[in-house]
Each structure stands twice: as C-alpha cells, then as structure tokens.
Number of protein chains: 2
Amino acid sequence: MKPDTASDTSQPAQVSDDRLRGLLGYRLRRASNAVQADLAETLKPFDLRMITYTALVLVVDNPGLSQSQLAAAMDVERPNLVVIVDELERRELITRDRVPTDRRTYALNATLAGRRLCDQAESAVRQHEARIFGTLLEEERSLLARGLLHVIAQRTGES
Amino acid sequence: MKPDTASDTSQPAQVSDDRLRGLLGYRLRRASNAVQADLAETLKPFDLRMITYTALVLVVDNPGLSQSQLAAAMDVERPNLVVIVDELERRELITRDRVPTDRRTYALNATLAGRRLCDQAESAVRQHEARIFGTLLEEERSLLARGLLHVIAQRTGES
DNA sequence: AAAATTAGGTATTTGATATAACAATGATGA
DNA sequence: TCATCATTGTTATATCAAATACCTAATTTT
C-alpha cells in the first residue's frame, strides 16, 4: 500500500492544468489578463495607464464632475484618486476648478489637450479592440458581450 | 466662443460611463473582477487564496512536479512562488521531496490532507461556478467559453 | 577542469490598493 | 443660533502582490 504522502519524485514531462481549464472563471481571468496586457501596450505610447485613461475619459464625458463622483464611478478609494488627478492635472490634461456654490469640491474639466489626447487614445483603443475581438463573428461577439453582462449582473445586481 | 478649457462647474447629476461600457475589454475586466471577488469569498473558509488554490490543484494533479514547472504553469515568478509553496508546506498540504537524480530540484507532492482540502475546495468552487454561470443556457455558456478561448488565443497563440 | 546553465532561495523594489486621521466646508437639528 | 454631524479633498501610512537583482549549490557543456 502506498504511503500517506506518495512521494513521487518523477517530474511530469508536461504539466496538466485541465482541471483549472474546466473552470469558466479561470478562463475568464486569463482572457481578461490577456486583454489588459494588450491594452496597456496600446496606451503606453500616450503615456497613459489604464486607470489614467479611464479617468480621462470620464472627465471628458462628464465635465464638471467632482473627485468623489469620479472615485465612485471608477470604484477607487478617494485617496488613490488624488494621485491620478494630480498626474492628469500636472500634465495639463484636466483642470481642478473651484465651484462657487460649494467650496469643498473641485469641478474637474478636460483641457483641449486632454480632449485631443483622449481622442487619439480612443482611436488606438478601438484598433486594439478590433485586433482582439474583430475576428469573432458579429453574433459571437454580441453573445460574448451578453454573457459577460450576465456575469456582472449576477454579483453586482446591475443592469 | 467658449474658452479653451470650458470650466464647467455644474456637477453632473449622474456620471456617464457609456463610452467605457462600449468597450468589450472593459466589460471583460468587470466580469472577471466580479468572479474573482466571489471566488475569493468561496475559498476563504478553506483559508485558501486563489493563487494558493491554483498551486494546490496543480500539485495534486501533477505529483512530483518541480517548483520551476509550477511557476511556469502558473505564470508566476520563481521568487514569488517560493512563498506560496512555503505556505502550503507549512500547513502540511504539500511536501518538498528531494529528487535523488537531481539534488537541485524539489518534487512537490500533495499530502493526504492536501488532497482532501483540495477536494472540499473544489466542491465549493463548483457551486460557485454554478451560482454565477448556471443561470446561463448551456449554449450561451459554451459560446461564452469559446469566445474567451478565442480572446486568449488571440494574444498568447494558445490552443 | 572551466564555463555556462539551472533550481531554489533571499532581499529589496515597485506598484496598486486600503486604512487612519485631518482641515476646511457645508448641512442639520435642538 | 450654536453645536453637532457629514462631506470633500488631502496626507501619511499600511498592506499586498508582483517584479528585479543577486546569491549558492548542483548540474551540464565544452
């Protein structure tokens, strides 16, 4: 009879991860990582990280929003958002404007340079998406999108 | 004519992230995060993190594999794997066995306790997967799986 | 035998994220 | 009105994962 801890000292020629591959969550994470990595490369020429790109898009699309609103939208802690806003402001892509009716909050606005960079980056991001998802059939793509939405809703209870 | 940096100081009642939602990669990341969070909760009762669970499964399924093989399979840097293996060994879920033919390498093997914990955790993980993906139709699920595989292959060139 | 390579390991750095506490401002209610 | 309470942005700090540099021992190559 084999001992309790069967001390196998023969190394497998090839490591099997079949059991993990059977998990949809595992596949989801790997796919997400792959896309993240490609997106990071896509944004590098613009000196944007994913998180700074996200912030920039949201400021462009929601002129005047406060840091708290932005932090909530990005699901980032307020202290961490400060450094992101600092960076975008330092690069003169956005401005912190005082709001007269409430002197605690800042109204965030994109500068012309910020909007331009955002446009350029978006174009690159579209190409990146086309590169990765473009080879799927339209119907497959839409089913993938629906499936993902379902998964998100399953936990966060979102539309 | 509006100034260069239109200083909008009226905060939007609701922040729109429509542009980001249009990106499949964005949706993919959110879905992945949601599943990760649920999986983390699922594994917490077993005192396993996702990365330690992954390592344990691979050791159980590939008795005798080396730390280098495990690190490669998990796509983790060797130094970082050491602490993972340390933890599993300290908890007596796996053992580091010397290999007579090559005294540099360790052959990793799961103990009986390790295999048992792995089984229990796997059962919980299956329930977790059923909870999240079970409400999809079988066909939707399989299309989601295929779509994800396609995305992974697109970048890593994997089967 | 010397040089190069590999396995495992230690120490340290980086990077992202989370927590605690604070000043300034605004809102609320006795 | 005044005292309390909540919110906004901020600083400093803790935590945690992931990456880098470097080291020793063992093996392989030349």
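Read-outs throughout are calculated quantities, based only on the coordinates presented, and are distinct from any laboratory measurement. As the structure is a computational prediction, the values presented were derived from the model and not from experiment. For neighbour counting, all protein chains shown are included, and Cβ atoms are generated from backbone atoms with ideal geometry for every residue, glycine included.
Structure values in brief
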| quantity | calculated |
| --- | --- |
| Selection from region B:93-142 of residues that are within 16 Å of DNA strand D (Cβ to nearest atom) and hydrophobic (A, V, I, L, M, F, W, C) | B:V99, B:A107 |
| Residue count for region A:63-88, restricted to those that are in contact (Cβ under 8 Å) with a residue 24 or more places away in the chain and assigned to a loop (DSSP other than H, G, I, E, B) | 4 |
| Breaking point among (1) hydroxyl-bearing (S, T, Y); (2) surrounded by fewer than 17 Cβ atoms within 10 Å (Cβ to Cβ); (3) more than 7 Å from chain A (Cβ to nearest Cβ), for B:T156 | (3) |
| Considering residues of region A:63-74 that are within 13 Å of DNA strand D (Cβ to nearest atom) and not hydrophobic (A, V, I, L, M, F, W, C) only, the residue surrounded by the fewest Cβ atoms within 10 Å (Cβ to Cβ) | A:S68 |
| Selection within region A:48-61 - in contact (Cβ under 8 Å) with a residue 12 or more places away in the chain and either within 14 Å of DNA strand C (Cβ to nearest atom) or within 9 Å of chain B (Cβ to nearest Cβ) (or both) | A:L48, A:M50, A:I51, A:T52, A:Y53, A:T54, A:A55, A:V57, A:L58, A:V60 |
| Residue satisfying all of: in region B:97-131; surrounded by 15 or more Cβ atoms within 10 Å (Cβ to Cβ) and part of a strand (DSSP E or B); farthest from DNA strand C (Cβ to nearest atom) among these | B:A110 |
| Filtered residues of region B:17-31 (kept if more than 7 Å from chain A (Cβ to nearest Cβ) and part of a helix (DSSP H, G or I)) | B:D18, B:R21, B:Y26 |
| Residue count, region A:132-159 (criterion: of a type outside the set (A, V, I, L, M, F, W, C), more than 25 Å from A:L56 (Cα to Cα) and in a helix (DSSP H, G or I)) | 10 |
| From B:E129, B:E77, residue being within 30 Å of A:A34 (Cβ to Cβ) and more than 7 Å from every other protein chain (Cβ to nearest Cβ) | B:E77 |
| Residue match in region B:32-44 (condition: assigned to a loop (DSSP other than H, G, I, E, B), buried (at least 18 other Cβ atoms within 10 Å of the Cβ) and of a type outside the set (D, E, K, R)) | no |
